[in-house]
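**Student:** Below you will find the structure I want to go over with you.
The values are calculated or read from the model by the stated rules, or taken from the named source; none is laboratory data. Being a predicted model, the structure only gives us computed values, none of them experimental. Glycine also receives a Cβ, built like all others from the backbone with ideal geometry; neighbour counts cover every protein chain displayed. Calculation scope for accessible area: heavy atoms of the full protein, side chains included, ligands and nucleic acids excluded. Shrake-Rupley method; radii C 1.70, N 1.55, O 1.52, S 1.80 Å.
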Amino acid sequence: RGKAQYEMSKVQMIFVDEISMLHTWFWGKLCSLKYAFPHLRFILTGDFNQLDPVCDVSEHIQYKENAALHFLSGGNRFELTICRRADKKLFDLVCDVKHVVPAQLPVTTATFVNLCYFNSTRKAVNRNCEMQFICGKPQSATIPAEPRLERSQDVTLCVDYPLIARVNKADMCKNENWVVVSFDDKVLKAQRVPFEHEETADQPIVKIDISKFHRYFEPGFCRTTHSVQGLTIREKYTIHDWGSM
């Protein structure tokens, strides 16, 4: 304990990202740090128009106006009015998403990248995209859903099939994008899809028992909004369950 206190006494600043998704208990821990080490300065960043914390103690807490945020930030708040990651039209649109009319943004083409809110939608879209993706592929393998895993579903794999990691294990991190490299009756090989700032080469490859597929992966054609926080999507995608997000 004494060593931890000594190390914390040397820390000057703490950066916290995605603050809109911080659970109540996390705010409490940050405030405890500030009380214990008053010299700490907190830089907290995020967008309160994004998703709320998962399974929080209440659905009605307004963290943007919360005393904890005011305490940690020293009463300072800066709101950016220019977005450097998208064009102005898109930025203005997402600044007021509650008034967006989905009918004004009709789906004009099918995509293999989809976002949704409900798991039932995720499974349905994955199934439809999978049927199109594997059509004409020379090799495929069907793996039935795992009854003990609610999120699992029947999958028919082929080379280049997109996957989402379900666990943190060895070279894998939960919600990362992976792709099928090869498989046979016993073993599946998958390679991680690099982030935009990484080199394509030398990405890790994992080998798993194909019978344990659902423990490690799920289909990557459609994913829920909570699993894509912080992800930059450069290609066309389709949004489902708009009114429930």
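**Student:** Do we find a residue being charged (D, E, K, R), in contact (Cβ under 8 Å) with a residue 60 or more places away in the chain and open to solvent by 50 Å² or more (accessible area, probe 1.4 Å) anywhere in region 82-103?
**Tutor:** So the first thing to find is which residues in region 82-103 are charged (D, E, K, R), and the list is 84-85, 87-89, 92, 96, 98.
When the remaining residues are screened for being in contact (Cβ under 8 Å) with a residue 60 or more places away in the chain, the result is 85.
Imposing the further condition that a residue be open to solvent by 50 Å² or more (accessible area, probe 1.4 Å) reduces the set to 85.
Within region 82-103 (the criterion being charged (D, E, K, R), in contact (Cβ under 8 Å) with a residue 60 or more places away in the chain and open to solvent by 50 Å² or more (accessible area, probe 1.4 Å)), the answer is yes, since at least one residue qualifies.
**Student:** Turning to a different aspect of this structure: Does Met13 satisfy the criteria of being at pLDDT below 90, farther than 30 Å from Tyr237 by Cβ and of a type in the set (A, V, I, L, M)?
**Tutor:** No; evaluated as a whole, the condition is false for this residue.
**Student:** Quickly run through region 34-71 and pick out the residues that are farther than 23 Å from Val97 by Cα and open to solvent by 100 Å² or more (accessible area, probe 1.4 Å).
**Tutor:** Tyr35, Arg41, Val57, His70
**Student:** Do we have Val179 as at pLDDT 90 or above, among the β-branched types (Val, Ile, Thr) and more than 16 Å from the chain's Cα centre (by Cα) here?
**Tutor:** Against the criterion (at pLDDT 90 or above, among the β-branched types (Val, Ile, Thr) and more than 16 Å from the chain's Cα centre (by Cα)), Val179 qualifies.
**Student:** Go through the residues of region 149-156 one by one and say whether even a single one is of a type in the set (S, T, N, Q) and loosely packed, with under 15 Cβ neighbours inside 10 Å. I'd like the intermediate steps shown before the answer.
**Tutor:** Narrowing region 149-156 to residues of a type in the set (S, T, N, Q): 152-153, 156.
Still in the running and loosely packed, with under 15 Cβ neighbours inside 10 Å: none.
Among the residues of region 149-156, not one is of a type in the set (S, T, N, Q) and loosely packed, with under 15 Cβ neighbours inside 10 Å, which makes the answer no.
**Student:** From the list Ile164, Ile208, which residue is in contact (Cβ under 8 Å) with a residue 40 or more places away in the chain, in a strand (DSSP E or B) and surrounded by 13 or more Cβ atoms within 10 Å (Cβ to Cβ)? Please lay out each step first, then the result.
**Tutor:** Working: Ile208 fails: in contact (Cβ under 8 Å) with a residue 40 or more places away in the chain.
Among Ile164, Ile208, only Ile164 is in contact (Cβ under 8 Å) with a residue 40 or more places away in the chain, in a strand (DSSP E or B) and surrounded by 13 or more Cβ atoms within 10 Å (Cβ to Cβ).
**Student:** Here's a follow-up. In region 127-142, what count of residues is obtained for those that are assigned to a helix (DSSP H, G or I) and either among the charged types (D, E, K, R) or surrounded by 15 or more Cβ atoms within 10 Å (Cβ to Cβ) (or both)? Walk me through how you get there before you give the answer.
**Tutor:** Kept after step one, since they are assigned to a helix (DSSP H, G or I), are these residues of region 127-142: 127-134.
When the remaining residues are screened for being either among the charged types (D, E, K, R) or surrounded by 15 or more Cβ atoms within 10 Å (Cβ to Cβ) (or both), the result is 127, 129-130, 133-134.
Total meeting the criteria: 5.
**Student:** Filter region 211-236 for residues that are acidic (Asp, Glu) and surrounded by fewer than 19 Cβ atoms within 10 Å (Cβ to Cβ) and give the result. I'd like the intermediate steps shown before the answer.
**Tutor:** Step one: filter region 211-236 for residues acidic (Asp, Glu), giving 218, 235.
Matches in region 211-236: Glu235 only.
**Student:** Residues that are touching a helix residue (DSSP H, G or I) at 6+ places or on another chain (Cβ under 9 Å) and among the aliphatic types (A, V, I, L, M): list the helices (runs of 4 or more DSSP H) wholly contained in region 1-112 that include at least 1 such residues.
**Tutor:** Numbers: elements: 2-10, 24-36, 67-73, 88-94.
In region 1-112, the matching helices (runs of 4 or more DSSP H) lie at 2-10, 24-36, 67-73.
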